[in-house]
Amino acid sequence: MSWEKVSESGVRWERPMDGIEGYFTFMASLTAGLCEGREHYTLCSVLKLETGPGDITPALKQAWKQVRYEQPQIATTVDGMKKVYEVPDERALEEWLSSTFIVSSASSFDELYPSVKPIKQATLYYLPKSSEIALRAHHHVIDGIGMLLFWHTYLEALKSPAKEIKFGDETARLAPVMEEVLPKDEHPSEELDKARAKEAYERFMGWAGSIPGIGPVSQVGAVPSGACQNTELVFAADTTSSLIAACKAKGFTVGAAVHAAYIKAIEKHADPNSKLAEYVTATQFNLRPYLKEPFSSSKYAASVYYTPLPYKHALPASYSDLANSLTEYYKTSFKGKPEMLKIKGHFTQVLCGAVQTDEFKAGPVPKDALVSSLGLVEQYVGREYGSEIKVKDLKVGVDVVAGMSFLFFYTFQDKLRLVYGFNDGFEKPEDIQTYLNETKTILEKELLGQETG
């Protein structure tokens with residue numbers, strides 16, 4: 001599954017996708033065909049910057065060009081189930097810059113977002129009126145942690161521009177599939193590979209046969225797609241520090257604590273027609289810590305180096321039971337289990353194949369949100385880059401065109417932030433706000449002993 005030169009001139013390079021890239025590519029193609037080109041799972045992140053005096057547009061554009069040279073995967077496209085990269089000549093490079101670096105007169109990205117067009121490649125937006133820059137990229141190009149690592153790479157390029165950029169050798173840095181850079185067996189055998197494939201299939205079928213579990217009221221699958229929205233709830237800094245301290249005292253990870261609170265929130269507001277006796281989801285695992293350098297670093301931000309993994313829990317359950325169960329699951333599913341890393345490729349291949357079947361496409365869509373923790377943002381993105389670049393705010397979101405909603409959460413500038421990505425054709429904005437508020441209330445009650453009226 002390595003990159004190969006497929007043109008005599010050496011311009012065009014291709015490689016097959018792995019299972020998770022293929023899954024996102026298929027979902028994007030499916031929804032684009034049904035929803036006027038709009039693609040499910042397109043990721044978005046917005047930075048609000050404070051910079052020095054003068055027009056920084058040329059510097060922002062040059063940094064975008066530099067990132068493409070350093071991480072060419074950011075400019076890849078797809079052809080069927082293959083990823084494609086083309087080394088640009090001067091004309092092609094200018095055409096790419098013209099189509100993917102957009103300066104907008106909108107007052108903010110919140111104003112621009114409802115009118116953005118579907119993208120063909122990862123695209124950077126600059127909004128001078130709000131001092132914001134935004135990245136929109138397909139999920140088959142980058143993942144959530146990758147978006148944060150991308151900003152570090154980009155801001156480093158903005159702070160320290162390269163003296164000369166000459167395209168032609170950047171293909172050596174195209175991101176390989178994760179299976180190529182995971183630890184490998186010293187003595188692989190066909191029997192062992194079959195056993196892993198069997199376990200992956202059984203894990204997938206155990207999940208697929210259980211979805212959907214409990215979920216809130218949603219019209220997904222029953223009405224046309226509406227507009228994509230991302231609603232944010234930001235905790236106060238003192239509340240955030242208190243919650244983190246309480247998690248440590250109780251032995252919960254912050255991710256597990258928030259996830260458990262979300263489960264209790266949707267349990268309270270569950271659709272009575274959903275399966276109330278079980279919570280079923282696909283948990284999200286960043287696998288970069290298990291990769292060798294430089295693939296675990298920001299040098300390969302533009303990559304899809306994570307995996308989903310099924311998780312189920314019987315309901316009703318107490319908050320503590322859920323938080324303990326999720327803490328154990330998040331801490332032990334991959335850590336200290338190298339065998340699980342070798343099952344990952346089989347699992348995502350099964351996922352990619354299954355979603356393309358008529359049986360799976362005809363099945364009911366889960367109505368709860370996929371929960372994804374991005375952790376402490378400052379592990380990936382600095383607050384300052386040199387003396388003239390300061391990151392004042394950061395947001396992450398996703399286009400929910402069809403299918404499941406998303407709940408991102410992360411801590412940035414000492415504040416816990418929840419972002420619920422949803423489609424207003426399926427769910428009401430006021431309901432989403434209720435789920436977020438309820439999640440916050442449960443965290444404060446369970447961890448801080450705070451009661452609300």
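Relative contact order of the stretch 337-440: what whole-number percent is it, with Cα pairs under 8 angstrom and at least 6 residues apart? Present the calculation step by step, with values, prior to reporting the outcome.
Working: 94 pairs, mean separation 23.5, N = 104.
Reported as a whole number, the value is 23 percent.
What does the highest-first list of 352-360, 126-134 look like by mean Cβ count within 10 Å? Present the calculation step by step, with values, prior to reporting the outcome.
Values: 352-360: 13.4, 126-134: 19.0.
Top to bottom by mean Cβ count within 10 Å: 126-134, 352-360.
For the chain, give me the percentage of DSSP beta bridges that are antiparallel, rounded to the nearest 5 percent. Walk me through the numbers before you get to the answer.
On the way: 55 of 64 bridges.
In the chain, DSSP labels about 85 percent of beta bridges as antiparallel.
Scan around Ile119 for amide H atoms under 5 Å from its own, H built in the peptide plane at 1.01 Å from N, and keep only partners 5 or more places away or cross-chain.
Close amide H contacts, sequence-distant or interchain: none at all.
In terms of the ratio Rg/(2.2 N^0.38 Å) built on C-alpha atoms, what value belongs to the chain?
Details: Rg = 21.7 Å, N = 453, 2.2 N^0.38 = 22.5 Å.
Working it through for the chain, the quotient is 0.97.
What number of lysine-lysine pairs in the stretch 4-173 show an alpha-carbon separation below 18 angstrom, given a sequence spacing of 8 or more or placement on distinct chains?
15
Once you put a point 7 Å from the Cα of Glu50 and another 7 Å from the Cα of His269, both along the Cβ direction, what distance in nm separates them?
A separation of 3.5 nm, rounded to one decimal place.
Counting DSSP beta bridges with both partners in the stretch 4-173, what percentage is antiparallel, nearest 5?
Details: 21 of 24 bridges.
Approximately 90 percent, going by the DSSP bridge assignments.
Counting only residues 5 or more places away or on other chains, whose amide H sits under 5 Å from the amide H of Leu370 once H atoms are built in the peptide plane?
Sorted by chain and number, the residues that satisfy this are Ser405, Phe406, Leu407.
Between Val11 and Glu199, what is the spin-label point distance in nm, taking each point 7 Å from the Cα along the Cα→C-beta axis?
Those two pseudo-labels are separated by 4.7 nm.
Could you work out the relative contact order of the chain? I mean the mean sequence separation of Cα pairs under 8 Å and 6+ apart, divided by the number of residues, in percent.
Values: 819 pairs, mean separation 113.8, N = 453.
With pairs under 8 Å counted, the relative contact order is 25 percent.
Tell me, what is the percent relative contact order of the stretch 79-198, built from C-alpha pairs under 8 Å that lie six or more residues apart?
Values: 69 pairs, mean separation 24.6, N = 120.
Once divided by the residue count of the stretch 79-198, the mean separation gives 20 percent.
Compute the Cα gyration tensor for the stretch 4-173, then decide on rounded, prolate or oblate, letting a ≥ b ≥ c be the square roots of its eigenvalues: rounded whenever a/c is under 1.5, prolate when a/b is larger than b/c in the other cases, and oblate in all that remain. It would help to have the intermediate numbers written out before the result.
Details: a/c = 1.90, a/b = 1.17, b/c = 1.63.
The shape class here is oblate.
Going toward the positive end of the dipole of the stretch 209-329, with +1 on Lys and Arg Cβ and -1 on Asp and Glu Cβ, which of Ile244, Ile266, Asn286 do you reach last?
Projecting each Cα onto the dipole axis, the largest value belongs to Asn286.
Quick one: divide the alpha-carbon radius of gyration of the stretch 138-263 by 2.2 N^0.38 Å and tell me what you get.
Details: Rg = 22.4 Å, N = 126, 2.2 N^0.38 = 13.8 Å.
This ratio for the stretch 138-263 stands at 1.62.
Since every read-out is calculated from the coordinates, none of them should be taken as a lab result. Here the structure is a predicted model, which is why all the values come from computation and not from measurement. Reconstructed Cβ throughout: ideal geometry from the backbone, glycine too, with neighbour counts over all protein chains shown.
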